[in-house]
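The values are calculated or read from the model by the stated rules, or taken from the named source; none is laboratory data. A quick note: this is a predicted structure, and the numbers were derived from the prediction, not measured. Heads up, the Cβs are rebuilt from the backbone with ideal geometry, glycines too, and the neighbour counts pull from every protein chain shown.
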Amino acid sequence: MKKIQFFLVIVIFHLSSYNGFSQWVWSKQVSATNDVIPAAIESDNSCNVYVFGDYKSAISIGTKTFPYGGVKDIVLIKYNSVGDTLWVRTVNHLNKIAARAMTLDASGNVYITGGFVGTANFQGTVINAVGGSEDIYLAKYDPNGNLIFAKNVTWDGGITRSSGIVVDENDSIAMVGFFNNNAVFGTNPGDTLYWSGVTNNFFAKFDNNGNFGYAKKFEGTVANTRFNAITVAGSEGYYIGGTFLGTIYLPS
């Protein structure tokens, strides 16, 4: 028996001035014979909707079918305010590539990040995992779905995994995630964050072309301490959310 998995994009706003209740406006389905899992959803100033996720079989979006690479692939979809599909971008991969987080900047450019193993092809831009079982990719698309860049931004001898991303008012990219071996950022050996023996979390900055700025390590005493999300706190900095057991060491 085939198992159909899907995710929905549901717009439920248009508040009534009479009773304050939300009205269902539209919904969309992405269907497949295996898992299709959304990782993030965002909207821009024109009420276009962006959905980012990953999938484990060929997927159908409207009348179009998109192929599957073999383990796990990623998909980025843009809908307009009435639910019409404007464009779809997929990355097919013989090894695993996973969707983790997405954000937009003030110009409507889209930034996506996640983990990958082996080689990944972003619309003709090929990036390679340097070492370990999972590296971090960062990709940027313009509002029309054209790829601006795709990069391997962090690697080590184990797992490095992004979990949150945001663009601040200076158009800098901020990212959080975790690593379970030494994590290398950029090309300078001095930009390595050294693993303390349990899973460590990181905060990293990049410019809007994906060039590395700096990174900070946050240690915990228990392996399943995680930074899961980040957002901008105006000109004051960032808010970071996550989970922890035991003790987590934060700067004073």
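Let's see how each residue does on (1) more than 24 Å from ALA139 (Cα to Cα); (2) at pLDDT 90 or above; (3) of a type in the set (A, V, I, L, M, F, W, C); (4) in a strand (DSSP E or B):
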site	(1), (2), (3), (4)
ASN152	no, yes, no, yes
GLY197	yes, no, no, no
LYS205	no, yes, no, yes
ALA229	no, yes, yes, yes
TYR239	no, yes, no, yes
LEU245	yes, no, yes, no
From THR154, THR243, residue being surrounded by 17 or more Cβ atoms within 10 Å (Cβ to Cβ) and hydroxyl-bearing (Ser, Thr, Tyr): THR154
Under 6 Å by Cβ, and 6 or more places apart or on different chains, what pairs join a residue from the stretch 195-209 that is under 20 Å from ALA150 (Cα atoms) with one that is of a type in the set (Asp, Glu)? ASN208/ASP171
When the residues of the stretch 106-121 are filtered to those that are at pLDDT below 95 and outside any loop (DSSP other than H, G, I, E, B), which remaining residue is nearest to PHE178 (Cα to Cα)? GLY115
Could you tell me how many of the residues in the stretch 41-59 are buried (at least 19 other Cβ atoms within 10 Å of the Cβ), farther than 13 Å from ILE97 by Cα and of a type in the set (A, V, I, L, M, F, W, C)? 3
Give the stretch 37-71 a look and list any residue that's charged (D, E, K, R) and in a strand (DSSP E or B), or say none. GLU42, ASP54, LYS64
Any idea which of (1) crowded, with 16+ Cβ neighbours inside 10 Å; (2) in a loop (DSSP other than H, G, I, E, B); (3) among the hydrophobic types (A, V, I, L, M, F, W, C) is the one VAL88 doesn't satisfy? (2)
Checked the stretch 128-150 for anything assigned to a strand (DSSP E or B), among the hydrophobic types (A, V, I, L, M, F, W, C) and surrounded by 21 or more Cβ atoms within 10 Å (Cβ to Cβ); matches are ILE136, LEU138, ALA139, ALA150
